[in-house]
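Beneath this line is the structure, given in C-alpha cells, with notes to follow.
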Amino acid sequence: MEEFLRILTLSVGEILAPTTAAYAMAAIGLNLHFGYTGLLNMGQAGFMLLGAYGFGITLTLGGPIWLALLIAIAAGVVFALILGMPTLQLRGDYLAIVTISAAEIVRWFGRSTLWQEWTGGASGLQGRYYKDPFHALSPLPEGRWALGPLEYINTGSDSWFTRIFAWGLVALVLLFVWLITRSPWGRVLKGIREDEDAVRALGKNVYSYKLQALVIGGAIGALGGVIYAIPLAISPDAMGRTMTFFVWTVLLLGGAATVFGPVLGAVVFFTAYMFMRTGMRAVSENTGVGEFISSTNVEQIGGMLVGITLMCLVIFRPQGILGNKKELAFNVR
C-alpha cells in the first residue's frame with residue numbers, strides 16, 4: 001500500500017512539474033503550426049534546444065534574465081525564418097522533411113567540439129552556470145512548503161518558484177494564443193488549413209501568413225526550451241527526436257486546434273507516463289517479473305508504448321480529447 005501511495009504521489013506531482021509545463025508550452029507552439037495552420041513541423045525539439053541555449057549562454061555570460069528570454073525568443077524566430085522562407089511555398093510534407101533534418105543539425109551543432117566553449121559539447125551546459133540569476137529572482141522565503149502530498153523547497157531547481165514561473169509563463173502564452181486565434185488573423189490561418197487555394201483566391205498572401213505562424217509558434221517552442229532547461233541542464237541529446245515525438249503525442253492527446261488541448265494533453269500524458277514507469281519499475285523490483293523486464297529496460301519499454309500511443313491516436317482519434325474530428329484531419333497538400 002505504501003508503495004502504491006508513493007507511485008501515486010509521484011504521478012500527481014507531474015501535474016505541476018516544470019517538465020510538464022515545458023512540453024505544454026512546446027505543444028502550444030506546435031498547435032499554432034499544425035492545429036491552426038496545417039504546417040507539419042517535425043522538429044519542435046530544435047526550437048526548444050535553440051531557446052534553451054540562447055537563455056543559458058546569455059546568463060552564463062552575465063546577461064540579465066529579460067535579455068536571456070529575448071535572445072531565446074529571437075533564436076526561435078531566426079530558426080523559423082531560415083526554415084520557412086525556402087520551403088513554405090512548396091507542399092506541406094517538404095516542411096516536415098526540412099524541420100526534422102534541421103532539428104538534428106541543431107543537435108549535432110550543440111554536440112560539436114567546435115563550439116564546446118559556449119554549448120558544453122556533448123556534455124551540455126550545466127545548470128550551475130546559469131541558474132543562480134534565475135533563483136535570485138525568487139520572492140519566496142527560504143525553506144520548504146507542502147501542498148497536500150506534494151512538498152518542495154521554495155527556491156531552487158526543483159522548487160515552487162520554478163513551478164510558479166513555468167506555469168505562469170504558460171498561462172500568459174495561452175492567453176496570447178487565445179486572443180490571436182480568435183482574431184481575423186487566426187481565422188485566416190484556419191482557412192489556410194482547410195483550403196489554402198480558396199484563401200489565396202480571396203486575395204490573402206498565404207505564404208506570409210504561414211511564415212508568421214511558423215515564426216510565432218517557433219518562438220513559443222523556444223520558450224518551452226527555456227522552461228525545460230531551468231530545473232535541469234541543457235543537453236543536446238536530451239532534446240532530440242524523442243522530444244519532438246513526445247510533443248506531438250501531447251498535442252494529439254489533448255486535441256489540436258484547441259486552446260487548452262496542449263495543456264490538458266501534457267498533464268494527462270506525463271501523469272500517466274510517470275505512473276506507468278514507476279509502476280513498472282516497482283513491479284520489476286518486487287516480483288519475479290524482473291527476470292524478464294529489468295528496471296533498466298523500463299525507459300525503453302515506456303518509449304515503445306509512447307510510440308504505440310501516438311500511432312493509435314493518429315489512427316483512431318486524431319482529434320484528441322478536446323478536438324473536433326470534423327474540423328481536423330491529417331491532410332497534407
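The values are calculated or read from the model by the stated rules, or taken from the named source; none is laboratory data. Note that the coordinates shown come from a computational prediction; the quantities given were computed from them, not determined experimentally. Note that each Cβ is placed from the backbone with ideal geometry, even for glycine, and that neighbours are counted across all protein chains shown.
Worth pointing out:
- Filtered residues of segment 274-291 (kept if buried (at least 17 other Cβ atoms within 10 Å of the Cβ) and either modelled with pLDDT of 80 or more or touching a Phe, Trp or Tyr at 6+ places or on another chain (Cβ under 7 Å) (or both)): MET274, MET276, ARG277, THR278, GLY279
- Residue in segment 7-15 that is surrounded by fewer than 24 Cβ atoms within 10 Å (Cβ to Cβ), in a helix (DSSP H, G or I), of a type in the set (S, T, N, Q) and in contact with a Phe, Trp or Tyr (Cβ under 9 Å, 6 or more places away or on another chain) present: yes
- Test: residue in segment 133-149 that is surrounded by 15 or more Cβ atoms within 10 Å (Cβ to Cβ) and either in contact with a Lys or Arg (Cβ under 9 Å, 6 or more places away or on another chain) or part of a helix (DSSP H, G or I) (or both): yes
- Within segment 194-218, residues that are within 22 Å of VAL77 (Cβ to Cβ) have Cβ atoms under 9 Å from residues that are of a type in the set (S, T, N, Q) and assigned to a helix (DSSP H, G or I) in these pairs: GLY217/ASN31; GLY217/GLN44; GLY218/GLN44, counting only partners at least 6 apart in sequence or on another chain.
- Of the helices (runs of 4 or more DSSP H) lying entirely inside segment 158-273, those carrying at least 3 residues that are at pLDDT below 95 are 184-201, 241-254.
- Where ALA80 falls short, out of the listed (1) touching a Gly at 6+ places or on another chain (Cβ under 8 Å); (2) closer than 30 Å to MET276 by Cα: (2)
- Among the conditions (1) touching a residue at least 40 places away in the same chain (Cβ under 8 Å); (2) within 21 Å of LEU223 (Cβ to Cβ), the only one that SER101 does not satisfy is (2).
- Only residues that are among the basic types (Lys, Arg) and modelled with pLDDT under 70 were counted across segment 293-324, and they come to 0.
- Residue check for GLY56: in contact with a strand residue (DSSP E or B) (Cβ under 8 Å, 6 or more places away or on another chain), crowded, with 24+ Cβ neighbours inside 10 Å, in a helix (DSSP H, G or I) and not aliphatic (A, V, I, L, M): yes
- A search for C-beta distances below 7 Å between a residue of segment 62-83 that is touching a residue at least 12 places away in the same chain (Cβ under 8 Å) and part of a helix (DSSP H, G or I) and any residue that is hydrophobic (A, V, I, L, M, F, W, C) and surrounded by fewer than 16 Cβ atoms within 10 Å (Cβ to Cβ), counting only pairs 6+ apart in sequence or on different chains, returns ILE65/LEU137.
- Among the residues of segment 166-224, those that are surrounded by fewer than 18 Cβ atoms within 10 Å (Cβ to Cβ) and of a type in the set (Gly, Ala, Ser) comprise GLY168, ALA171, SER183, ALA198, ALA201, GLY203, SER208.
This table checks each residue for (1) more than 16 Å from the chain's Cα centre (by Cα); (2) farther than 17 Å from LEU169 by Cβ; (3) crowded, with 20+ Cβ neighbours inside 10 Å; (4) of a type in the set (D, E, K, R).
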{"residue": "LEU32", "(1), (2), (3), (4)": "no, no, yes, no"}
{"residue": "ASN41", "(1), (2), (3), (4)": "no, yes, yes, no"}
{"residue": "PHE47", "(1), (2), (3), (4)": "no, no, yes, no"}
{"residue": "ALA80", "(1), (2), (3), (4)": "no, yes, yes, no"}
{"residue": "TRP108", "(1), (2), (3), (4)": "yes, yes, no, no"}
{"residue": "TRP115", "(1), (2), (3), (4)": "yes, yes, no, no"}
